[in-house]
1. Just report the Cα centroid separation between the stretch 385-416 and the stretch 312-377, whole Å.
2. What is the percent carbon and sulfur in the accessible area of the stretch 22-228, measuring with a 1.4 Å probe over the protein chains and ignoring ligands?
3. With point charges of +1 on the Cβ of Lys and Arg and -1 on the Cβ of Asp and Glu, referenced to the Cα centre of the stretch 1-113, which listed residue (97, 39, 26) lies farthest in the positive direction of the dipole?
4. Compute and list, largest first, the equivalent-ellipsoid semi-axes of the chain from the alpha carbon gyration tensor, each √(5λ) rounded to a whole angstrom.
5. Could you please state, rounded to a whole Å, how far the C-alpha centre of the stretch 175-197 is from the C-alpha centre of the stretch 250-299?
6. About the Cα centre of the chain, what is the dipole size in debye to 20, counting +1 per Lys and Arg Cβ and -1 per Asp and Glu Cβ, all else neutral?
7. Enumerate the calculated ³J(HN,Hα) couplings along the stretch 144-156 in order (Karplus 6.51 cos²θ - 1.76 cosθ + 1.60, θ = phi - 60°), each rounded to whole Hz, writing x wherever the residue is Gly or Pro.
8. Specify the residue with the greatest mean-square fluctuation among 275, 142, 38, computed from a Gaussian network of the chain linking alpha-carbon atoms under 10 Å apart.
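The values are calculated or read from the model by the stated rules, or taken from the named source; none is laboratory data. As the structure is a prediction and not an experimental result, all values here were calculated from the model. Cβ atoms come from the backbone with ideal geometry, glycine included; neighbour counts cover every protein chain shown. Ligands, DNA and RNA are excluded from the accessible area calculation, which covers all protein heavy atoms including side chains. Shrake-Rupley method; radii C 1.70, N 1.55, O 1.52, S 1.80 Å.
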Amino acid sequence: MTQYLIEGGSKLSGEIEVKGAKNLVLKVLAGCLLLDEEITIDNVPEIGDVLKMIEILKSLGAKVEKISHGQYTVCAKNLAQTQLDTKLAQGLRASIVLSGPLLARLKEVKITKPGGCPIGQRPIDMFLAGFEALGAETTEEENSFIVKAKKLRGANFIFTRVSVTGTETLIMLATLTPGKTVLKNCALEPEISGLVNWLNNCGAKISGTGTPTIIIEGVEKLKGRNLTIMPDRIEAGTFVVMGLLTESSIKISNCEPHCLEIFLAMVKKTGGSFEIGSNYILTKPVKKLKATDLITHEYPGYPTDLQAPFTLLMTQAEGTSLIHDPIFEGRLFFTDKLNQMGANIIMCDPHRVIINGPTPLFGKKVDSPDLRAGITLVLAGLIAEGQTTIGNVYQIERGYENLVGRLQQIGAKIKGT
Ligand code: EPU
């Protein structure tokens with residue numbers, strides 16, 4: 001699909017099921033390169049980023065097979081290639097996590113410099129510093145880094161800034177590195193625990209996950225163990241905002257509400273209403289929302305990936321709110337598209353906006369700048385008067401499976417062309 005056409009104003013109802021977590025499955029697929037045995041992965045979301053990661057795994061010599069919808073097997077017995085295909089890797093930021101397993105298995109990896117991306121510059125300085133701490137040497141070539149290690153050994157390393165993929169990459173490298181590695185100032189995201197639990201099941205010796213200090217005792221080899229991907233907490237939170245914005249009662253099923261504690265607390269603060277079950281959230285229509293300030297933070301703080309939907313929610317709340325997203329420098333520029341649709345949002349600097357609400361929104365033709373801003377424009381279209389056309393939807397389909405079909409099922413007037 002290239003664009004979505006949305007007719008705003010419909011009430012939604014029924015149930016929408018959350019798919020597997022994008023930011024876990026991409027790391028597990030990379031982690032499969034640590035093993036020479038076959039792994040079966042269930043609840044794999046059928047999204048653009050996963051298909052791209054699978055293509056990269058195949059280009060490196062791994063065998064990947066689709067067994068059924070959402071079920072794949074991966075076997076990296078014949079892993080041979082140390083170079084990430086430039087074009088494929090540049091299309092997927094998460095490909096950087098492959099550098100850990102490749103270096104661990106083949107003692108060498110060539111990483112193409114990731115370009116800037118719509119949400120920020122996204123440097124890899126801490127990855128390179130971590131590799132060097134564990135004994136690798138890095139050299140810079142025209143547009144890439146060559147990382148080689150004659151001998152890797154466990155070491156202490158502190159992240160100068162909390163990084164999700166940085167933490168995951170160094171955990172995977174240290175898993176097969178002889179000796180003890182101590183990583184400090186690690187990210188605490190639940191997807192990292194998901195990855196570590198699976199690696200430990202395969203025989204890795206990793207402790208401290210979910211705390212800032214992670215200790216890894218290197219092992220010689222891992223055994224193939226299957227896993228099921230946990231539900232995507234960002235998708236679940238996005239659907240909660242969709243229910244509130246459209247003043248609809250929708251059941252968001254197959255999710256883990258305990259991973260969304262701060263998000264749900266913030267929604268409550270705005271006056272939003274919902275019921276929580278062990279694996280579902282049911283939104284309840286409310287007439288009035290209160291303007292509420294937001295600051296994003298690494299887990300367990302408010303996720304930057306749910307900043308854009310909250311920003312949109314505040315355009316429908318009474319009063320003035322300040323949204324501060326210090327994590328990436330490009331995640332608030334999409335607000336000019338909300339302004340084109342009728343919002344009143346003032347950008348203070350790239351990290352902060354002030355929103356005056358409530359303002360009605362009107363259908364417009366807008367392009368999706370990135371994944372999370374893109375889904376937010378879809379939600380804006382659902383409450384806008386008239387027709388909204390969203391272009392560049394490949395950005396949205398990178399992370400949301402069969403979005404059009406699933407939204408149609410709960411009554412949204414959306415179609416893809
Ligand atoms: N940073 C550095 N140097 C590094 C690495 C990171 O300065 O070597 C900076 C980044 O520029 C950023 C901050 O550290 O300002 C935090 O970035 P982090 O490394 O944590 O981000 P990431 O690992 O690249 C993952 C998710 C993002 C999510 C962030 C924050 C994946 C594939 N991506 O990115 O997800 O926003 O953590 O939680 O796991 C998304 O799903 O839409 C998405 C962008």
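1. Taking the Cα centre of each part, the stretch 385-416 and the stretch 312-377 sit 19 Å apart.
2. Details: 3990 of 8500 Å².
Solvent-exposed carbon and sulfur of the stretch 22-228 make up 47 percent of the total.
3. The one lying farthest along the dipole's positive direction is 97.
4. Values: eigenvalues 287, 93, 81 Å².
Semi-axes (√(5λ), whole Å): 38, 22, 20.
5. That distance is 29 Å.
6. Details: 45 positive and 43 negative charges, 53 e Å.
Roughly 260 debye, rounded to the nearest 20.
7. The phi angles translate into 8, 10, 9, 10, 10, 9, 5, 9, 9, 8, x, 7, 8 Hz.
8. Result for the chain, Cα springs under 10 Å: 142 fluctuates most.
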